[in-house]
Amino acid sequence: MTTSTQTARTAWSVETRTRTSTLFLGLAALLVIVLAFAPFYASRSLIQDLFFILTMLVLAQGWNLLAGYAGLVSVGQQAFVGIGAYAMFGGVILLDLDPLVSILLGGSAAALLAIPTAFFTFRLQGAYFAIGTWVVAEIVRLTVAQWKALGGGTGTSLPRSATRDMFGLDFLKDTFGFKTSVATDVITFWLALILAVVTVGVVYRLLRSRQGLGLAAVRDNQNAARSVGVDAQRLKTIVYLSTAFITGLAGALIYVQKARISPDAAFSVLDWTAYVIFIVVIGGIGTIEGPIIGVLIFFALQNSLSGYGSWYLLVLGLLGIVIMLFAPRGLWGLFTDRTGIELFPIRRRLSGGSTEKPGG
């Protein structure tokens, strides 16, 4: 009697999605649709609040990509917010461009600024890198303050003609009966929603790619990553320039909605870097979910405590310290550690394989 072995082969596969993440993706798509129609059922103040949340989320996701995944802890992101906003104003006032077109100019200007900034700051490590980015931001602020055509140190406002004739305003006013000011808020809100969705999507796709693996390796051990062929400098440069572009777009969009700018406001380290760092730290650095949770908590705290003056900043600081002590990976990191749930999973899981079945 002879026996033979029959092998049933099942291919190995690498998966990142889970059943929970797939369900969340459907709910997130539904939420985006609901938000897109918010201008037709929500108050103007709510639309402005949602605009604030979305733009801060974009800034937080950008900083989280830098610090949480590339290991580049920058405290000078206000440079890209400010230069993006001023480039938008320059496009409108000096080049007579539509404000919405000038938003792209703001993102491009921020990316261009990031090139020489990276050249100098990438030669610094750790705390010196962080200080270097802040110094660059201050230099840019002082330089822009001398730009007399855009108001110098006191700043300037968008021309009424530019905001009145902005692309899409007439359509909203004629079709839905919105006032000019309301229509402006609606357009900027829609753009903020698109920018937030695209930013989260791009970051998630990047982290799931081969470049994302290399980025994680660079963050964990740059020398070890180089030893296995990862071009650390190239990856960090791409992330830095991409984050600058996204931050510049957000800065330009924020100041289209504000319609008034000054160097101190546009390059505020508190508004555009300190708050963003707080959002990422309390939510969970190194996770996509963290900035989402963080920005909601920050908005709630700001609305409930801002009337207490300096006590408001003290509470934010104390909360940040407590979370760093008892939940170093942030609130979402603590939740994930206890439940294992990930809404944007990027860790790869090996499934499948081969099984052998004897036959005779």
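The table for this structure:
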| quantity | calculated |
| --- | --- |
| Carbon + sulfur, % of accessible area of the chain - ligands and nucleic acids excluded, 1.4 Å | 65 percent |
| 0 to 90° range, to nearest 10: angle between helix 99-121 axis and the chain longest Cα axis | 70 degrees |
| Solvent-accessible heavy-atom area per residue, rounded to whole Å², over the chain at 1.4 Å | 51 Å² |
| Charge tally in the Cβ shell below 13 Å around Val239, where Lys, Arg are +1 and Asp, Glu are -1, Val239 excluded | +2 |
| Potential extension, Ile53-Val202 segment - 0.36 nm per residue separation minus Cα distance | 51.8 nm |
| Helix 210-220 vs. the chain, principal-axis angle (Cα, 0 to 90°, nearest 10) | 80 degrees |
| Distance in nm between pseudo-label sites at Tyr128 and Lys148 (7 Å out along the Cβ direction from Cα) | 4.0 nm |
| Given charges at Cβ of Lys, Arg, Asp, Glu: the chain dipole, positive-most of Ile292, Thr154, Ala274 | Ile292 |
| Test item: Cα-centred dipole of the chain, Lys/Arg +1 and Asp/Glu -1 on Cβ, debye | 780 debye |
| Region 14-352: relative contact order as a whole-number percent, Cα under 8 Å and 6+ apart | 32 percent |
| Rounded to the nearest 10 Å², the accessible area of Trp134 at probe 1.4 Å | 110 Å² |
| Stokes-Einstein D (µm²/s) once Rh is taken as the Kirkwood radius of region 97-224 over alpha-carbon pairs, at 10 °C in 1.306 mPa s | 85 µm²/s |
| Whole-Å distance, taken between Cα centres, linking region 70-135 and region 243-275 | 10 Å |
| In order through region 303-320: 3J(HN,Hα) via Karplus (6.51 cos²θ - 1.76 cosθ + 1.60), integer Hz, x for Gly, Pro | 5, 8, 10, 4, x, 9, x, 5, 4, 4, 5, 5, 5, 4, x, 5, 5, x |
| Contact order normalised by residue count of region 207-298, Cα under 8 Å, 6+ apart, percent | 13 percent |
| At R0 = 30 Å, FRET efficiency that the Cβ-Cβ distance of Ala28 and Ala300 yields, to 0.05 | 0.90 |
| Percent of Cα-Cα distances greater than 33 Å, calculated over the chain | 35 percent |
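The values are calculated or read from the model by the stated rules, or taken from the named source; none is laboratory data. Fair warning: this is a prediction, and the values are worked out from it, not measured in the lab. Every residue, glycine among them, receives a Cβ derived from its backbone with ideal geometry; neighbour counts consider all protein chains shown. The protein model used for the area step is the full one, side chains on, heavy atoms only, and it has no ligands, DNA or RNA in it. Shrake-Rupley method; radii C 1.70, N 1.55, O 1.52, S 1.80 Å.
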